[in-house]
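Colleague: Below is the structure I would like to discuss, written out as structure tokens.
The values are calculated or read from the model by the stated rules, or taken from the named source; none is laboratory data. Fair warning: this is a prediction, and the values are worked out from it, not measured in the lab. Neighbour counts run over all protein chains shown; Cβ positions are idealised from the backbone, glycine included. When the accessible area is computed, the model is the full protein with side chains, heavy atoms only, and any ligands, DNA or RNA have been set aside. Shrake-Rupley method; radii C 1.70, N 1.55, O 1.52, S 1.80 Å.
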Amino acid sequence: DYLQTIETRLKVHDWFTGLNDARQQCIMEMAYQMGVEGVLGFRKMIAALERGDYLEAGAQAMDSLWAQQTPARARDVSDRLARG
């Protein structure tokens, strides 16, 4: 199914596989909404995730057109991304 395809495509990235389940779910929700390519465009968020700077990752997720277009969902996802 579509979610399995998303997860398979994300699992090739070390920054994704290094996340706990809650954070992986956040990234998958983002990818479900905007596609894997859309998530891969969040370069600053991904860099923060690679550093383990989850507060910054959440902030970077909010600094986007995605957050402007779907503010309630973006706030929810970015908050869970930050908290893990």
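Colleague: Whole number in Å², please: accessible area per residue of the chain, 1.4 Å probe, ligands, DNA and RNA not counted.
Modeller: 58
Colleague: With only Lys, Arg, Asp and Glu charged, each at its Cβ (+1 for the first two, -1 for the last two), find how big the charge dipole of the chain is about the Cα centre; round to the nearest 20 debye.
Modeller: About 100 debye.
Colleague: Here are several values of Kirkwood radius over Cα pairs in Å: [x] 12.4; [y] 14.4; [z] 13.2. Which one was derived from the coordinates shown?
Modeller: Derived directly from the coordinates: [x].
Colleague: With the dipole of the range 1-80 worked out from charges on the C-beta (+1 for Lys and Arg, -1 for Asp and Glu) around the Cα centre, which of LEU19, GLN60, ILE6 lies farthest toward the positive end?
Modeller: Toward the positive end, the furthest listed residue is GLN60.
Colleague: For every helix of n ≥ 4 consecutive DSSP H residues, a contribution of -39,500 (n - 2.57) applies; sum these over the chain, divide by its total residues, and give [θ] at 222 nm rounded to the nearest 500 deg cm²/dmol.
Modeller: Details: 7 runs with 69 residues, N = 84.
-24000 deg cm²/dmol, from helical runs alone.
Colleague: With springs connecting C-alpha atoms under 10 Å apart, model the chain as a Gaussian network and identify which of ALA57, ALA72, ALA31 has the largest mean-square fluctuation.
Modeller: ALA72
Colleague: Using a Gaussian network for the chain with springs between C-alpha atoms less than 10 Å apart, which of these wobbles most: GLY52, GLY41, GLY18?
Modeller: Highest fluctuation among the options: GLY41.
Colleague: So what is the relative contact order of the chain, in percent, for Cα pairs below 8 Å that sit 6 or more residues apart?
Modeller: Computed value for the chain: 28 percent relative contact order.
Colleague: Per-residue accessible area for THR5 at 1.4 Å probe radius, Å² rounded to 10?
Modeller: 70
Colleague: Additional query: Can you pull the percent of the chain's accessible area that's carbon plus sulfur, 1.4 Å probe, other chains left in place?
Modeller: 48
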